[in-house]
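Here is the structure we will look at, set down as structure tokens.
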Amino acid sequence: MGVGVRLFLAGVVQITKPSFTAEKILGVQSQDSLILVKELGIGNLAIASVALGSIFVNAWVLEAALAGGIFYLLAGINHILQPERNAKENYAMATDLFLGLLLGGILFFAWQP
């Protein structure tokens, strides 16, 4: 459920107020970036829908953890590759990596024979 809630909230903010993510987190001032931030928000809502749906469809739990874990890990790595990060991006990087590794560990133990 945590994957769903965090991605849902991020998606809503990215769709309704894309300038926050673009300017405050990524440090991008161009209005041209807002459409891409909205697309990111749509992707976040898509993963969040599966994760939140797993509350009602138990069979989706591991799939939601897998999708969320991959997303968080790749997002965290992408933040690492940015040479100049502000405090908000550092926070996003740290939490993305933490959640990606946490979900990876949970999946590792869940799929052990």
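Considering only residues that are without any contact (Cβ under 8 Å) to a residue 24 or more places away in the chain and either under 25 Å from Leu66 (Cα atoms) or buried (at least 19 other Cβ atoms within 10 Å of the Cβ) (or both), which ones fall in region 17-45?
Correct list: Pro18, Thr21, Ala22, Leu36, Val37, Glu39.
Among the residues that make up region 75-98, is at least one of them surrounded by 14 or more Cβ atoms within 10 Å (Cβ to Cβ), under 17 Å from Val12 (Cβ atoms) and not small (Gly, Ala, Ser)?
Checked against the condition, which is being surrounded by 14 or more Cβ atoms within 10 Å (Cβ to Cβ), under 17 Å from Val12 (Cβ atoms) and not small (Gly, Ala, Ser), region 75-98 yields no hits at all.
Residues being touching a residue at least 40 places away in the same chain (Cβ under 8 Å) and over 25 Å from Leu45 (Cβ atoms): count how many of those fall in region 57-84.
Within region 57-84, residues that are touching a residue at least 40 places away in the same chain (Cβ under 8 Å) and over 25 Å from Leu45 (Cβ atoms) number 1.
Kindly indicate the residue of region 1-24 that is farther than 10 Å from Ile42 by Cα and of a type in the set (S, T, N, Q) and also modelled with the lowest pLDDT among those meeting that condition.
Among those residues, the one meeting the criterion is Thr21.
Just to confirm my filter: which helices (runs of 4 or more DSSP H) fall fully inside region 13-113 and include at least 1 residues that are over 19 Å from Val3 (Cα atoms) and small (Gly, Ala, Ser)?
87-110
The values are calculated or read from the model by the stated rules, or taken from the named source; none is laboratory data. Here the structure is a predicted model, which means the values were calculated and not measured. Counting neighbours? That spans all protein chains shown, and the Cβs are built from the backbone with ideal geometry, glycine included.
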